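A short write-up of the structure that comes next.
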Number of protein chains: 2
Amino acid sequence: MRISELSAESGVSIPTIKYYLREGLLPQGQQTSATRAEYGPAHLRRLRLIRALLEVGRLPVASIRKVIEAVEDEDRGVHEMLGTAHYAIGAQVEPQPGDEDWREARETVDELLAELGWQVTPFAPTRDELAQTLVTLKRLGMAAERSDLLPYATAAMRLATEHEMSKIPFDGPREVAVETLVVCTVLYGRVLDVFRRLAEESESARILGA
Amino acid sequence: MRISELSAESGVSIPTIKYYLREGLLPQGQQTSATRAEYGPAHLRRLRLIRALLEVGRLPVASIRKVIEAVEDEDRGVHEMLGTAHYAIGAQVEPQPGDEDWREARETVDELLAELGWQVTPFAPTRDELAQTLVTLKRLGMAAERSDLLPYATAAMRLATEHEMSKIPFDGPREVAVETLVVCTVLYGRVLDVFRRLAEESESARILGA
């Protein structure tokens, strides 16, 4: 298809498509004449992925580039590719190894994950993200005990295995796997967060007889 | 205590305390001379609440003011007061009643909550927040069925009743109830979100044999 059709099909404007082409986020089409290029389904898939990373993941272009690089580098396995997207959509946390609270929180995270038997690389920045949240809780005088965390880990694992990862087409095009992961992780995360606040309102009404 | 002690105890700088006093977020101390005022535990509690709303809830000052007004207005019951905080920490969503997708999503939300028997006011903006997320999922070609949503609702209710609302001291000072609600909702929400991504990584490693 021509760029105008690619634009119509994807809902992405022609100037934006040209920007993605210049930035290397979208591969060039097949040149059929000096002023004309043909685009195909792979371009459509790539545009959908960029849109998901941008609008749903709210990633800056630099992070989108990293994810796209992982998608394009077929030497990287699917697991590593998905990891790139995972780490990109997390909060960017600066580890504070010199801080006593931080070190203790990070130890709690590592011990808990080991105990749960989860397969998470030791270098996952998600470990730091969790550690930082534990530090914040502690500093607000609401330090989380192991027993406060376990129910969240259990609920998260159930949802991740039964409802999120089961939606990912591992055998399809690499773009589709990453797009599904990002959309499921972010949007069902939002669904869960809103449900928690709705449930809290309901429970507050029940307790207070409102 | 004097303002310098209030600052030392709360960790909030004197200029910031003076700003909160001017803005009416913090009540004036008891004037003991022309240049001196006495502050007490209620001021400390209020500063803790402001800090939680600001740093954890990431609320702008205008929203903090609304929450503080609800805290100060003892004619409002605790349930209504907590609702003010709840609605303030949510994403501010503009309802799109003219949009067909939006109307359908909002209907799904209302039916689901009715079916679950949750006590949520019909005017809760959280309903719109959930509807908007459903619209986004649909537009990305991943429309959520009732069966996709129910496990999230169930998990959310369990965590809300067993672990979040049970931490709130309903009989204590109003500030403490609101502060606990905001801290638990936001920070355990973050805990849950990070655990989901950790669980997904682990499940991806398991499925792909990485």
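Please treat every number below as a calculation from the coordinates, not as lab data. Keep in mind it's a predicted model, so treat the numbers as computed, not measured. Every residue, glycine as well, gets a Cβ built from its backbone with ideal geometry; the counts of neighbours run over all protein chains shown.
Listing for the model above:
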quantity: Those lysines that a straight Cα-Cα span of less than 25 Å connects to A:K18, excepting residues fewer than 8 apart in one chain; calculated: A:K66
quantity: Within 10 Å of each Cβ in B:83-90, the average number of Cβ atoms from other chains; calculated: 2
quantity: Over chain A: helical MRE at 222 nm, DSSP H runs n ≥ 4 each giving -39500 (n - 2.57), nearest 500; calculated: -21000 deg cm²/dmol
quantity: Choice from A:G90, A:G40, A:G117 showing the highest fluctuation, given a GNM over chain A with Cα pairs closer than 10 Å; calculated: A:G117
quantity: Degrees between helix B:174-208 axis and first principal axis of chain B (Cα, 0 to 90, nearest 10); calculated: 40
quantity: Shape category assigned to chain A from the gyration tensor of Cα positions, a/c cut at 1.5; calculated: prolate
quantity: Sparse-neighbourhood loop sites, GluC sites (Glu not before Pro) in the stretch A:99-154 - DSSP loop, at most 12 other Cβ within 10 angstrom; calculated: A:E145
quantity: GNM flexibility winner over chain A from A:G29, A:G57, A:G141 (Cα, springs under 10 Å); calculated: A:G141
quantity: DSSP-assigned coil residues among chymotrypsin sites (Phe, Trp or Tyr not before Pro) in the stretch B:1-76, each with at most 13 further Cβ atoms within 10 Å; calculated: none
quantity: Placed amide H near A:E38: partners under 5 Å, 5+ positions off or other chain; calculated: A:Q30, A:Q31, A:T32
quantity: For chain B, built as a Gaussian network whose Cα springs stay under 10 Å, the top-fluctuating residue of B:S166, B:S33, B:S13; calculated: B:S33
quantity: Reach of B:K138 by Cα under 24 Å, taken over lysines that are not fewer than 8 positions away in the same chain; calculated: A:K167
quantity: Exposure rule at most 14 other beta-carbon atoms within 10 Å, DSSP loop trypsin sites (Lys or Arg not before Pro): chain B longest free segment; calculated: B:59-210
